[in-house]
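Worksheet: one structure, shown below.
The values are calculated or read from the model by the stated rules, or taken from the named source; none is laboratory data. Quick caveat: nothing in here was measured; it's all calculated off a predicted structure. Heads up, the Cβs are rebuilt from the backbone with ideal geometry, glycines too, and the neighbour counts pull from every protein chain shown. The accessibility values were calculated without ligands, DNA or RNA, using every heavy atom of the protein model including side chains. Shrake-Rupley method; radii C 1.70, N 1.55, O 1.52, S 1.80 Å.
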Amino acid sequence: MTIYKNEPVIRFIGSVVAFGFLVMGLYAIFGASSELPELNQDRAFWFGITSIIASVFALVLSWLIKDIRGVWCAPPRRNIFDD
């Protein structure tokens, strides 16, 4: 596995997004109050698990993909009239 270091700003911002997903997931898992109904606690738990999985994918994609612009940046629009 190669860790790419080109375009460090975009890769760092992707890492910040991954950290945000991780914090949100941990808060959803451990921050749910016992006063909530059981169904809402279950939803918060599984949302937290999903958010943590998304954080792992965001971190891996941020550093292990060679062309990062295809992941975190929208490709430019193609004009159908230009050939």
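For the reader, a short list of remarks on this structure follows.
- Charge dipole of the chain about the Cα centre (unit charges at C-beta), most positive-ward option of Gly48, Ser34, Trp63: Trp63
- Accessible area of Arg43 in the full protein assembly, 1.4 Å probe (Å², nearest 10): 150
- Pairs of C-alpha atoms in the chain farther apart than 16 Å represent 61 percent of all such pairs.
- The range 1-47: Rg to Rh, with Rh as the Kirkwood radius over Cα pairs: 1.26
- When Phe21, Phe30, Phe12 are compared by accessible area at a 1.4 angstrom probe, the order from most to least is Phe30, Phe12, Phe21.
- Among Gly20, Gly48, Gly70: highest mean-square fluctuation, GNM of the chain, C-alpha pairs under 10 Å: Gly70
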